[in-house]
Amino acid sequence: MSQGKALVLFSGGQDSTVCLASALARLDEVETVGFDYGQKHIVELECRSRVLKELGKAFPEWQTKLGADHMLNLRELSQISETSLTRDMAIEMDANGLPNTFVPGRNLLFFVYAAALGYRRGATTLVGGMCETDYSGYPDCRNDTLQTLAQAVSLGMDRAFTIDTPLMYIDKAETWALAEKLGGQTLVDLIIEHTHTCYHGDRTHRHDWGYGCGTCPACELRANGYAKWLKSKV
Ligand code: ZN
């Protein structure tokens with residue numbers, strides 16, 4: 001088993017693409033896993049294979065480290081949760097102070113599934129794009145939650161898993177900066193053109209920061225982060 005083998009939770013969005021680049025820059029062998037949980041923005045999943053292909057083409061040194069891509073079906077998640085990500089509902093705040101884009105338990109499930117897959121594949125570093133700064137209050141994006149989960153998974157599978165979250169303490173502007181640091185303007189351009197973040201799955205409107213409706217919370221975060229990053233460069 002390679003100590004440097006990682007499994008990256010990869011959705012085809014901006015954050016998980018930067019996480020993937022970060023893993024490829026640091027580790028010897030990297031595999032990817034995506035989840036179909038009945039999300040409305042299924043278009044994000046369609047971007048996955050394109051991003052993987054383009055990354056390999058643009059960065060041959062990463063291509064040699066990039067291993068198998070896995071896709072897991074978690075459709076039951078949409079049957080047990082009421083959320084605007086999986087149902088046809090407007091995005092708004094719930095009485096508990098969380099946006100109704102929150103899918104309870106989603107990241108916990110993702111990492112348990114990733115660990116089970118990583119166990120079989122010999123990958124004990126699990127990489128995810130969760131972040132405390134822009135996390136909209138999602139409690140399963142907190143570092144405490146994820147590090148405690150890493151302990152539970154390690155105990156429960158009797159293997160030492162690490163949960164690695166390169167974006168945990170940086171904001172969206174710094175995520176753009178990290179992309180540039182890892183892969184220069186080539187990676188920034190690839191993210192703009194091929195990754196997808198919009199909650200509504202809109203790929204008809206092209207902005208300087210990429211495709212999206214431009215008004216949903218995910219588009220706003222991405223657009224504001226991009227503007228802030230550009231401003232920080234001058
Ligand atoms: Zn949008």
Need the failing condition index for T195 against (1) touching a residue at least 60 places away in the same chain (Cβ under 8 Å); (2) surrounded by fewer than 23 Cβ atoms within 10 Å (Cβ to Cβ); (3) within 15 Å of the ligand (Cβ to nearest atom), just the number. (2)
D171 is checked against (1) modelled with pLDDT of 95 or more; (2) more than 16 Å from the ligand (Cβ to nearest atom); (3) in contact with a Gly (Cβ under 9 Å, 6 or more places away or on another chain) and fails just one. What number does that condition carry? (1)
Out of the residues in region 202-222 that are open to solvent by less than 20 Å² (accessible area, probe 1.4 Å) and near the ligand (Cβ under 9 Å from one of its atoms), which is nearest to E174 (Cα to Cα)? R222
Does W176 satisfy the condition of being modelled with pLDDT of 95 or more, within 16 Å of the ligand (Cβ to nearest atom) and open to solvent by less than 40 Å² (accessible area, probe 1.4 Å)? no
Quick one: in region 94-111, which of the residues that are assigned to a helix (DSSP H, G or I) and open to solvent by less than 60 Å² (accessible area, probe 1.4 Å) is modelled with the lowest pLDDT? R106
Of the candidates A160, A114, A123, the one satisfying the condition of being crowded, with 23+ Cβ neighbours inside 10 Å, at pLDDT 95 or above and part of a loop (DSSP other than H, G, I, E, B) is A123
Identify the single condition in (1) open to solvent by less than 50 Å² (accessible area, probe 1.4 Å); (2) at pLDDT below 95; (3) more than 16 Å from the ligand (Cβ to nearest atom) that K233 does not satisfy, given that it satisfies every other one. (1)
I'd like to know if region 157-164 contains one or more residues that are in contact with a strand residue (DSSP E or B) (Cβ under 6 Å, 6 or more places away or on another chain), of a type in the set (G, A, S) and away from the ligand (no atom under 16 Å from the Cβ). no
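The values are calculated or read from the model by the stated rules, or taken from the named source; none is laboratory data. Keep in mind that what you see is a predicted model, and the values were worked out from it rather than measured. As a convention, Cβ positions derive from the backbone with ideal geometry for all residues, glycine included, and neighbour counts pool all protein chains shown. The accessibility values were calculated without ligands, DNA or RNA, using every heavy atom of the protein model including side chains. Shrake-Rupley method; radii C 1.70, N 1.55, O 1.52, S 1.80 Å.
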